[in-house]
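Enquirer: Here's a structure for you.
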Amino acid sequence: MSAAVAEERPTPQPAAIGRDSYLLAFSLFLLIAATNILTPLLPDIRREFGVSIAIAGVIVGSYGLARLIIDLPAGFVVDRIGHLRVSVVGLLLLGASSILGLYAGSVEVLILARVGAGIAAAILGTVILAGLGATATRTNRGKVMSFFHVANNTGIAIYPMIGGLVGLAFGWRATFAVTAALVVVAAAILLPVLLRIDPRRAVSSRTEEPHPHVLHGRSRAIALTAINFGVLANMINRHGFRNTILPLYAATSLGLGGVSIATAIALMSITGLMVATPGGMLGDRIGRRRIITTGLAAIAVGDLVFLLTNDLWTFLAAAALIGFGDFFASSQTSLLSEVVPAENRTQVLGGYRFSADLGAFVGPIVLAAVMDVVSAQAAILVSVAILLTASAVARFAVPVQGGSSA
């Protein structure tokens with residue numbers, strides 16, 4: 001099949017989503033607590049250990065860097081050792097890292113705990129993402145894969161607030177106790193599911209042809225590169241523009257305070273969650289390439305609108321607009337699940353997580369440097385250019401998958 005053109009049969013009605021898909025998503029939501037439940041309490045950690053702001057940044061960044069390094073080999077390790085065994089190791093490592101952080105007597109031990117948690121998160125995230133791919137059919141894959149993004153982003157939005165409340169009542173160390181408890185609950189949910197499914201095998205369905213959209217050779221390589229470039233571009237924008245440039249731009253150019261900026265960021269997250277699953281379902285019906293190219297372009301337009309804002313209300317309206325652009329993320333993971341045989345799914349989705357974490361790592365660095373050297377407006381334009389380039393690449397290199405011809 002060509003990477004650019006493919007004939008599509010009429011899409012059958014979406015199959016019912018099984019309970020295991022929901023359980024996998026819920027276990028991810030519990031495990032994602034390790035990501036940022038500690039973040040609001042960094043000032044307390046600084047005071048206790050007497051460290052600089054730079055070291056506080058290392059405490060936060062060590063988690064993401066460890067996850068980034070492990071993402072790429074995680075898929076190969078899971079396939080070689082087995083998803084169940086690797087998941088047990090990951091759960092034990094995450095639990096042990098939580099206990100280590102709870103009793104950390106020095107900042108070095110705390111950083112070690114964060115590194116361990118990042119490694120465990122990379123492994124478990126890859127297993128769960130591949131598991132969702134295995135529980136989906138071609139006709140509901142977009143909706144099922146959206147569960148990953150909804151669970152992940154809901155956790156990222158909620159856990160800092162939980163961490164702040166726990167820290168206020170019991171101190172920052174108690175957040176590690178909460179994480180350890182959630183690991184136990186997640187293990188009780190996740191392991192029985194993994195006993196029933198194998199992420200390396202496709203779900204059986206009488207209505208589906210075996211591997212109807214699998215690509216081979218050069219076509220597959222081009223498609224995987226194009227999709228992952230779109231993932232990278234989206235994460236550069238999300239972490240570089242939304243989480244770094246936008247707050248600075250709002251404060252310096254619009255004179256907005258912390259509450260207003262936080263409200264806008266929360267509004268983006270809420271609107272993004274609202275459209276994640278409907279966007280995945282739409283990709284199932286009309287074709288995933290359409291959703292990906294349109295979504296990347298829509299976020300680029302949303303970024304440009306911020307250049308026209310001049311007060312809080314126009315700023316919030318632009319924030320809501322850019323949040324609605326998040327409807328395409330599950331179509332990316334769905335496509336990655338479809339263009340390779342089921343036995344290669346875990347490795348390919350490990351590459352997806354690497355692309356996402358790489359964008360989260362380099363986005364703030366690159367766009368902040370542009371803002372520092374040139375201006376905030378220039379940084380926004382760079383982000384827009386990256387998104388539009390990714391949209392164009394997807395239009396010509398991503399195959400037509402699912403739904404009608406596009």
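Enquirer: If you put +1 on each Lys and Arg Cβ and -1 on each Asp and Glu Cβ, how big is the dipole of the chain around its Cα centre, in Debye rounded to 20?
Expert: 680 debye
Enquirer: Give the separation of the Cα centroids, segment 224-251 to segment 356-373, in Å.
Expert: 8 Å
Enquirer: Here's something else I'd like to know. For an R0 of 60 angstrom, estimate the FRET efficiency from the Cβ-Cβ distance between ILE17 and VAL58 and round to the nearest 0.05.
Expert: Efficiency for this residue pair is about 0.90.
Enquirer: Determine the order of LEU308, LEU358 by accessible area, beginning with the largest, at a probe radius of 1.4 Å.
Expert: The most accessible residue leads, giving LEU308, LEU358.
Enquirer: Then there is this: Relative to the Cα centre, what is the charge dipole magnitude of segment 69-160, using +1 at the beta carbon of each Lys and Arg, -1 at the beta carbon of each Asp and Glu, and rounding to the nearest 20 debye?
Expert: Approximately 360 debye in magnitude.
Enquirer: With a point put 7 Å past each Cα toward its Cβ, work out how far ARG47 is from THR263 in nm, to one decimal.
Expert: Taking the two extended label points, one gets 2.8 nm.
Enquirer: Continuing with the same structure: May I ask you to compute the full-extension gain from ALA96 to VAL184, defined as 0.36 nm times their residue separation minus their alpha-carbon distance, rounded to one decimal in nm?
Expert: Gain on extension, ALA96 to VAL184, equals 30.6 nm.
Enquirer: Given H placed 1.01 Å from N in the peptide plane, which residues other than close sequence neighbours of LEU256 have an amide H under 5 Å from its amide H?
Expert: When sequence neighbours closer than 5 places are left aside, the close amide H contacts are ALA251.
Enquirer: Which residue, chosen from HIS213, ILE322, THR346, occupies the Cα position most advanced towards the positive end of the dipole of the chain, where the dipole is computed from +1 (Lys, Arg) and -1 (Asp, Glu) charges on Cβ about the Cα centre?
Expert: Positive-most Cα among the choices belongs to HIS213.
Enquirer: Spelling out what I want: for every residue of segment 266-279, take phi, set θ = phi - 60°, compute 6.51 cos²θ - 1.76 cosθ + 1.60 (Karplus), and round to whole Hz; glycine and proline get x.
Expert: 5, 5, 4, 5, 5, 5, x, 5, 5, 9, 4, 6, x, x
Enquirer: Just from its helices, what would the mean residue ellipticity at 222 nm be for the chain, if runs of 4 or more DSSP H residues each count -39500 (n - 2.57) and the sum is divided by every residue, rounded to the nearest 500 deg cm²/dmol? Can you show the working numbers first?
Expert: On the way: 16 runs with 304 residues, N = 406.
Rounded to the nearest 500, the figure is -25500 deg cm²/dmol.
Enquirer: For the pair PHE76/THR389, report the inter-label distance in nm, with labels modelled 7 Å from Cα in the Cβ direction.
Expert: 2.8 nm
Enquirer: Could you derive backbone 3J(HN,Hα) for segment 157-162 from the dihedral phi with the Karplus parameters 6.51, -1.76 and 1.60 (θ = phi - 60°), listing whole Hz in sequence and x where the residue is Gly or Pro?
Expert: Per-residue couplings from phi come out as 6, 8, 5, x, 5, 4 Hz.
Enquirer: With r as the distance between the Cβ atoms of LEU308 and VAL374 and R0 = 25 Å, compute the FRET efficiency 1/(1 + (r/R0)^6) and round to 0.05. All intermediate terms of the calculation are to be shown ahead of the outcome.
Expert: Details: r = 19 Å, r/R0 = 0.77.
Efficiency, rounded to the nearest 0.05: 0.80.
Enquirer: Here's something else I'd like to know. Given the options ILE119, VAL193, ALA233, identify the residue whose Cα lies farthest towards the positive end of the charge dipole of the chain (+1 on Cβ of Lys, Arg; -1 on Cβ of Asp, Glu).
Expert: Farthest towards the positive pole: VAL193.
Enquirer: Stretch VAL88-ILE162 to full length: gain in nm at 0.36 nm per residue minus the Cα-Cα span?
Expert: Stretched out fully, the VAL88 to ILE162 stretch lengthens by 24.0 nm.
Enquirer: Using 0.36 nm per residue, how much length does the chain from VAL362 to ARG196 gain when fully extended, once their Cα-Cα distance is taken away?
Expert: Contour length minus Cα-Cα distance gives 56.0 nm.
Enquirer: ³J(HN,Hα) across segment 39-54 via Karplus (A = 6.51, B = -1.76, C = 1.60, θ = phi - 60°), whole Hz, x for Gly/Pro?
Expert: Taking θ as phi minus 60°, the curve returns 3, x, 9, 4, x, 5, 5, 4, 5, 5, 9, x, 9, 7, 4, 4 Hz for segment 39-54.
Enquirer: I would also like to ask the following. Report which label in (i) 27; (ii) 31; (iii) 41 holds the value of percent of Cα pairs over 33 Å apart derived from the coordinates of this structure.
Expert: (ii)
Enquirer: In nm, give the distance between the simple-model label positions of LEU65 and ARG218, each being 7 Å from the Cα along the Cα-to-Cβ direction.
Expert: Going from the LEU65 label point to the ARG218 one covers 4.0 nm.
The values are calculated or read from the model by the stated rules, or taken from the named source; none is laboratory data. Predicted, not measured: the structure shown is a model, and the values here were computed from it. Please note: Cβ atoms are built from the backbone with ideal geometry, for glycine as well, and neighbour counts cover all protein chains shown. Please note that ligands, DNA and RNA were not included when accessible areas were found on the heavy atoms of the full protein model with its side chains. Shrake-Rupley method; radii C 1.70, N 1.55, O 1.52, S 1.80 Å.
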